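Let me begin by presenting the structure, written as structure tokens, before commenting on it.
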Amino acid sequence: MRNLKIKERILALRIPQRLKILLRPWPRLRNLVNTWPKLILLFIIGFIFLYYPLGALVSEDIDKNTNYEFHKEGRESVTINAMAFLIRREVYNKSWTPSLPFIFPAYMLDNMPSFQLGLMSSISTLSKAFAQKIDNLPTEESHLQTAAELLQYPGNIWMFSPHNKLVPAPSSNSQYRRARKQLQNYNRDLADGRELFIAKAEDLNYFLKAIQKDLTQSSRRLSNQIREHSTDFYDGKADNIFYYEQGKLYSYYLLLKALGVDYKDVIVQHNIYQPWTALLNTLEKASKLSPLVVRNGELDSLTAPNHLATLGYFNYKSIAVLQNMEAILTRPQAQGLKK
């Protein structure tokens, strides 16, 4: 018993006095918040440091799932259904983060908002092409035209106009919800026979040209960022551009997948199944890029990667395949005409 007491005394002597104080945190904490103002201030600081980082971490949900399958249901357009599905997924099932103000923790995010904006941009491009090419109703009665106009609405508006912060304005997600309803109304008209959807090579070629034109603009944006900022020590805008353009490529992957169901007979008849499959494969690979940190390093760098150049490669490859299919679809024999 005596030996045990001696050992306890020796161990006690080895513990520094400061460490003993640290082992008794409650009195120190009590002294730190001994008044209500101090307690409130500590709570606010703790709330800010926990609310924003943890809230942003929970809010971030960049969905790059490419395993969705689309099937024909009666007379409805599969592509229109795919547009409605993507809008529902991003606006209803998730938070539309590009328009959230600073009171929301998702305000700290930049990759997810960029991805969502790019995704909605491609839906807007294709919906506009659909409205211009296959719409059979006057403008004021057209579901497709209304949807296309609503989808061109800026994606960063919460409650107020970006030009005058005191003027209330419709939120971006409310406009996109309205656009989705218009797309559903169009498909409902197709199902009831009030509208007619005829899959023609001319229309498919028009849609491919619209997508190709959009991706060409994306290539310019990627190239400009690489040319002007790849020599910077750190390019703070590289991740925004990367995720915006990846959102477009991902969305086009799903939309073209659905478009292939609508125009299956045209694709087979004009022998573009192989390039169509190659296009989908390219877009899928671009969609699956997931760098831990997006870098815009010099192109000949040994250590710093350039993820914008990698994405640009898949973008250029997609443009080349689109141009090839457009050339095939515009041949006289592809249109059933004699030379």
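Are there helices (runs of 4 or more DSSP H) fully within region 233-339 with at least 1 residues that are over 30 Å from GLU73 (Cα atoms) and among the charged types (D, E, K, R)? List them.
Per the criteria, 238-262, 307-329.
Condition check: assigned to a loop (DSSP other than H, G, I, E, B), surrounded by fewer than 17 Cβ atoms within 10 Å (Cβ to Cβ) and of a type in the set (Lys, Arg). Does ARG227 satisfy that?
no
Between residues in region 211-226 that are over 15 Å from LEU126 (Cα atoms) and residues that are among the hydroxyl-bearing types (Ser, Thr, Tyr) and part of a helix (DSSP H, G or I), which pairs lie under 8 Å by C-beta distance while being six or more apart or on different chains?
SER219/TYR316
On the basis of being modelled with pLDDT of 90 or more, more than 20 Å from TYR253 (Cβ to Cβ) and outside any helix (DSSP H, G or I), does TYR153 make the cut?
yes
Looking at the structure I just gave you, is ALA169 touching a strand residue (DSSP E or B) at 6+ places or on another chain (Cβ under 9 Å) and either among the aliphatic types (A, V, I, L, M) or within 26 Å of GLY312 (Cβ to Cβ) (or both)?
So ALA169 fits the description; yes.
Can you tell me which of GLN145, GLN217 is within 24 Å of LEU249 (Cα to Cα), modelled with pLDDT under 95 and not in a loop (DSSP other than H, G, I, E, B)?
The unique qualifying residue is GLN145.
Is at least one residue of region 91-106 buried (at least 24 other Cβ atoms within 10 Å of the Cβ), among the small types (Gly, Ala, Ser), outside any loop (DSSP other than H, G, I, E, B) and in contact with a Leu (Cβ under 8 Å, 6 or more places away or on another chain)?
No.
I'd like the full set of residues that are under 22 Å from MET159 (Cα atoms), among the hydroxyl-bearing types (Ser, Thr, Tyr) and free of Cβ contacts under 8 Å to residues at least 60 places away in the same chain, limited to region 92-135.
SER95, THR97, TYR107, SER124
So that you can scan it fast, the table gives a plain yes or no per residue for (1) more than 16 Å from HIS307 (Cβ to Cβ); (2) surrounded by fewer than 23 Cβ atoms within 10 Å (Cβ to Cβ); (3) among the aromatic types (Phe, Trp, Tyr):
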| residue | (1), (2), (3) |
| --- | --- |
| TYR206 | yes, yes, yes |
| ASP214 | yes, yes, no |
| TYR252 | yes, no, yes |
| LEU259 | yes, no, no |
| VAL268 | yes, yes, no |
| ASN281 | yes, yes, no |
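When the residues of region 270-279 are narrowed to those that are surrounded by 13 or more Cβ atoms within 10 Å (Cβ to Cβ) and not aromatic (Phe, Trp, Tyr), which ends up farthest from LEU322 (Cα to Cα)?
Residue satisfying both the conditions and the ranking: HIS270.
Would you be able to say whether some residue in region 79-88 is among the charged types (D, E, K, R), crowded, with 18+ Cβ neighbours inside 10 Å and either assigned to a helix (DSSP H, G or I) or modelled with pLDDT under 90 (or both)?
No: zero hits.
For region 119-133: of the residues being within 13 Å of LEU256 (Cβ to Cβ) and hydrophobic (A, V, I, L, M, F, W, C), which is farthest from the chain's Cα centre (by Cα)?
Looking at residues that are within 13 Å of LEU256 (Cβ to Cβ) and hydrophobic (A, V, I, L, M, F, W, C), I get ALA129.
So LEU255 fits all but one of (1) touching a residue at least 12 places away in the same chain (Cβ under 8 Å); (2) over 27 Å from THR66 (Cα atoms); (3) under 23 Å from the mean Cα position of the chain (by Cα); what number is the exception?
Answer for LEU255: the failing condition is (2).
Hey, can you tell me all the residues within region 189-198 that are touching a residue at least 12 places away in the same chain (Cβ under 8 Å), surrounded by fewer than 16 Cβ atoms within 10 Å (Cβ to Cβ) and assigned to a helix (DSSP H, G or I)?
Across region 189-198, the qualifying residue is only ALA191.
The values are calculated or read from the model by the stated rules, or taken from the named source; none is laboratory data. Since we're looking at a predicted model, the values are computed, not measured. Ideal geometry is used to build each Cβ from the backbone, glycine not excepted, and the neighbour counts take in all protein chains shown.
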